[in-house]
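The values are calculated or read from the model by the stated rules, or taken from the named source; none is laboratory data. On a predicted model such as this, the values are computed, not experimentally measured, just so you know. All Cβ positions, even for glycine, are placed from backbone atoms using ideal geometry, and neighbour counts span all protein chains on display.
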Amino acid sequence: MGGECFEPKDWRDFLNPVRNQRYCGCCWAITAATAVEALWTIKHPLKHKIQLSAQELLDCCVENPKKVGLNTDKEGCYRYSTKSAFKWIAENGICYEEGYPFKGRKGKKEDNPYRSKAIVWIRKENGMPYKTIEDGDKDVVRMLKHHPVAASMDLFKSFMTYKEGIYKTPRDNSDEKSIGGHAILIVGYDMEDGEDYYLIQNSYGKQWGLNGYGKISCSSQVQDKEGKWRPLIRNVCYPNVEICYANIENPL
């Protein structure tokens, strides 16, 4: 990534304050909502920022109703993907955070009177509301020149307690085992002491990392169950840049 023409990128000024998912496994919903918010702000820099409801995605985005019990954590929060959230927003729209605030646990969509006040939809292109980038592809950096992108990663305890510096996973996973997956928003890239890193926004609140943000080595890898090495950060995707809007000036 580095080189003579290297130019760092940082989209933090275009983002809302870092959110805290608490004990709810809803990183995918927060990442999806934040990715759409970022595109709106970047595309309309002279207008106000918008904050969209991750709670609505948590309550309403049901990938397979017959398997809800198998896809939830102890708080009843769904363990779905950011891509599923983008698909749901394309079909149903999403509300403002103010009208559908975050609770940190799953609720029922029929309990909220503002469900009908959706104000943002993602426009589909060739039947899809998002685009993907191959794992480890240099197109991740190219796309970050235009806007943030969503991604997933293997979750380790060392990541949960990260404070500063460039985060790397151990090359020998016998020292530390993955405890699951996690969704993040990649909001930039830079170089420190000769090492390239992605700048990410996490969903653990401002007390995590660098005021809620972190630096992850671009070359960091993990072993899969078959012992093969793959990038720590993968499943990179982003909503279509062309987004439909309705009632954007009047949240309620």
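When the strands (runs of 3 or more DSSP E) confined to the stretch 133-252 are screened for residues that are under 30 Å from residue 50 (Cα atoms) and at pLDDT 90 or above, those reaching at least 1 such residues are found at 149-154, 181-192, 195-201, 213-217, 233-239. Within the stretch 48-102, take every residue that is of a type in the set (D, E, K, R) and at pLDDT 80 or above and give me the one that is nearest to residue 16 (Cα to Cα). The qualifying residue nearest to residue 16 (Cα to Cα) is 49. Across the stretch 16-45, the qualifying residues are those that are among the hydroxyl-bearing types (Ser, Thr, Tyr) and in a helix (DSSP H, G or I), and the one among them that is surrounded by the most Cβ atoms within 10 Å (Cβ to Cβ) is 31. Applying a threshold of 8 Å to beta carbon distances and a minimum spacing of six or more residues, or different chains, the list of pairs starting in the stretch 137-148 at a residue that is farther than 18 Å from residue 220 by Cβ and ending at one that is among the small types (Gly, Ala, Ser) and outside any loop (DSSP other than H, G, I, E, B) reads 147/38; 148/35; 148/38; 148/188.
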